[in-house]
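The values are calculated or read from the model by the stated rules, or taken from the named source; none is laboratory data. Worth saying up front: this structure is predicted, and the values here are computed from it rather than measured. For the accessible areas, the whole protein counts, side chains as well, though only heavy atoms, and no ligand, DNA or RNA atoms are used. Shrake-Rupley method; radii C 1.70, N 1.55, O 1.52, S 1.80 Å.
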Amino acid sequence: MVPRARVANLANMLTGVRFVLVPVFLVALFVGDGHETTWRITAFAVFAVAVITDHLDGALARSYGMVTEFGTLADPIADKALIGAALIGLSMLGDLPWWVTVVILVRELGVTLLRLAVLRRGVIPASRGGKLKTLVQAVAIGLFVLPLSGAWLTGAWVIMLAAVVLTVLTGIDYFVSAVRDSRGRPAGH
């Protein structure tokens, strides 16, 4: 019998830290008029720490047998909360067009609902494309949080547009995979 990991472990604590960092990030993002350089850099630092905890909690959980049902559920919720808060905040400040936020959030919500719908057949694992999408989204959002201009802002836009394309393509891939799997396997297998 394989021992079960305790819910109170380092990987799950890092996920909890990410939940706590979301409102801290938002406060730093919106201080003053939302465009004060020092606070935007602070918001970027908080966002970066939160993104790093996302990478660390998954790596720790897999490497040291800390995978729990709680972590499997809470980790993607913490990710969506961080990304969603950042996108909505940047759009509210006028730094990112709402269409970008809507496209990304609709995809994230759609894939989350799809995963819940097919849960009885098994978990849809994150694909390589999905992992790349997450990385590119995080880099793009981080760059938009920073007070950039000129060529740096143009570079941030190139990365953000790549993130949007990856977001849409991986969303389609998840949907196609779920449909194919549901046709190929009876429920419960």
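How do Met13, Met66, Met160 stack up against each other in accessible area, from largest to smallest, with a 1.4 angstrom probe?
Most to least solvent-accessible, the answer reads Met13, Met66, Met160.
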Next on the checklist: Suppose accessible area is computed on protein heavy atoms with a 1.4 Å probe; arrange Trp157, Trp99, Trp39 from highest to lowest.
Outcome noted: Trp99, Trp39, Trp157
Checklist entry - Over region 11-71, what is the relative contact order in whole percent, taking alpha-carbon pairs under 8 Å and six or more residues apart? => result 49 percent
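Output the relative contact order of region 1-109, whole-number percent, from Cα pairs under 8 angstrom with separation of 6+ residues. Walk me through the numbers before you get to the answer.
Working: 96 pairs, mean separation 38.7, N = 109.
After rounding, I find 35 percent.
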Item to check | Amide H contacts of Leu96 (H built 1.01 Å from N, under 5 Å, at least 5 apart or other chain) | outcome: Ser91
Checklist entry - Which whole-number percent is the relative contact order of the chain (Cα, under 8 Å, 6+ apart)? => result 25 percent
Item to check | Probe 1.4 Å - accessible area at Phe175, Å² to nearest ten | outcome: 120 Å²
Checklist outcome for this item: A correct Karplus calculation of ³J(HN,Hα) over region 155-160, with 6.51 cos²θ - 1.76 cosθ + 1.60, θ = phi - 60°, whole Hz and x for Gly and Pro, returns x, 4, 5, 4, 5, 5
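How long are the semi-axes of the ellipsoid equivalent to the chain, from square roots of 5 times the Cα gyration tensor eigenvalues, in whole Å, largest first? Mind dumping the intermediate values first?
Details: eigenvalues 191, 92, 31 Å².
Each semi-axis is the square root of five times an eigenvalue, giving 31, 21, 13 Å.
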Checklist entry - Using a 1.4 Å probe, how large is the accessible area of Leu169, given in Å² and rounded to the nearest 10? => result 100 Å²
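Please list Val145, Val102 in order of solvent-accessible area, largest first, computed with a 1.4 Å probe with all protein chains present. Display every interim value, and only then the final one.
On the way: Val145 0, Val102 80 Å².
Accessible-area ranking of Val145, Val102, largest first: Val102, Val145.
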Item to check | Under the Karplus curve 6.51 cos²θ - 1.76 cosθ + 1.60, θ = phi - 60°, whole-Hz ³J(HN,Hα) for region 41-52, x wherever Gly or Pro sits | outcome: 5, 4, 4, 4, 4, 5, 4, 4, 4, 5, 5, 5
Checklist entry - How much accessible area does Glu69 have with a 1.4 Å probe, in Å² rounded to the nearest 10? => result 150 Å²
Checklist entry - Carbon-plus-sulfur fraction of the accessible area of the chain, 1.4 Å probe, in percent? => result 73 percent
